[in-house]
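**Q** Below is a structure I'd like to ask you about.
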Amino acid sequence: MKKQIELTLAQAREIYGKSNEVDAFLLQKFSEKDLVPPKLPKTWEELQDLKEVNGFFITSDATIKADDGFDKNTDINNFFTKQLAKSALAMAQLSQLMAVYNGNWVPNWFSSMHTVENTKYCICRYNNNIETKEYQTRWAFLAFETAENRDEFLKNFYPLIRDYFMLD
């Protein structure tokens, strides 16, 4: 006599690994990937113990290179994708350029005041577009003391800003 049983994935996960016969049965209905959820790391070191950290890094001459070897001591500066590395390189360059455009001005993001004196003139990404905005309390990396400086910066460094926002 045959009987049919139904198991949810959660139930199958609970009994998987307890017996070879049950495991063989479960693997007819579920994949091993389904039955053994990935271990999620809680620290950077756990990630390095779980898997090889591959990706892209920025060299001292600002070249983006693929990581061609596993080294736990240097993989901490790898980006998962080339586009992320390109964005980080653009961010570094933009931060230096903003320091010139903003002079000694540093935006005060700690104030909750919605006042004209607390206005920052920002360049932001909305969907796949670059927009200019005025914020008092919402944080933005590309922030300027004046609208004129922001607009000039956007005009002069548009390709670099697109790289930062990962629009290419």
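**Q** Tell me which of these residue 85 doesn't satisfy, since it passes every other one: (1) under 25 Å from the mean Cα position of the chain (by Cα); (2) assigned to a helix (DSSP H, G or I); (3) of a type in the set (A, V, I, L, M); (4) surrounded by fewer than 17 Cβ atoms within 10 Å (Cβ to Cβ).
**A** So the condition that residue 85 fails would be (4).
**Q** Same structure, new question: For the subset of region 1-45 comprising residues that are under 30 Å from residue 76 (Cβ atoms), of a type in the set (A, V, I, L, M, F, W, C) and surrounded by 10 or more Cβ atoms within 10 Å (Cβ to Cβ), which member is nearest to the chain's Cα centre (by Cα)? Working first, answer last.
**A** To start, the set of residues in region 1-45 that are under 30 Å from residue 76 (Cβ atoms) comprises 33, 36-45.
Within this subset, residues satisfying the condition of being of a type in the set (A, V, I, L, M, F, W, C) are 36, 40, 44.
Adding the requirement that they be surrounded by 10 or more Cβ atoms within 10 Å (Cβ to Cβ) leaves 36, 44.
Numbers: 36: 26, 44: 15 Å.
Residue satisfying both the conditions and the ranking: 44.
**Q** Filter region 93-112 down to the residues that are touching a residue at least 24 places away in the same chain (Cβ under 8 Å) and farther than 17 Å from residue 146 by Cα, then identify the one that is surrounded by the fewest Cβ atoms within 10 Å (Cβ to Cβ).
**A** Among those residues, the one meeting the criterion is 112.
**Q** Follow-up. Could you list, in sequence order, the residues of region 120-145 that are assigned to a loop (DSSP other than H, G, I, E, B) and in contact with a helix residue (DSSP H, G or I) (Cβ under 9 Å, 6 or more places away or on another chain)?
**A** The first filter runs over region 120-145 and keeps only residues assigned to a loop (DSSP other than H, G, I, E, B), leaving 127-128, 136-141, 145.
Passing the criteria: 136, 137, 141, 145.
Condition check ((1) in contact with a strand residue (DSSP E or B) (Cβ under 8 Å, 6 or more places away or on another chain); (2) of a type outside the set (Phe, Trp, Tyr); (3) in a loop (DSSP other than H, G, I, E, B)) across all residues:
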| residue | (1), (2), (3) |
| --- | --- |
| 149 | yes, yes, no |
| 155 | no, yes, no |
| 159 | no, yes, no |
| 168 | no, yes, yes |
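Bear in mind that the values in this text are calculations on the coordinates, not laboratory data. On a predicted model such as this, the values are computed, not experimentally measured, just so you know. Reconstructed Cβ throughout: ideal geometry from the backbone, glycine too, with neighbour counts over all protein chains shown.
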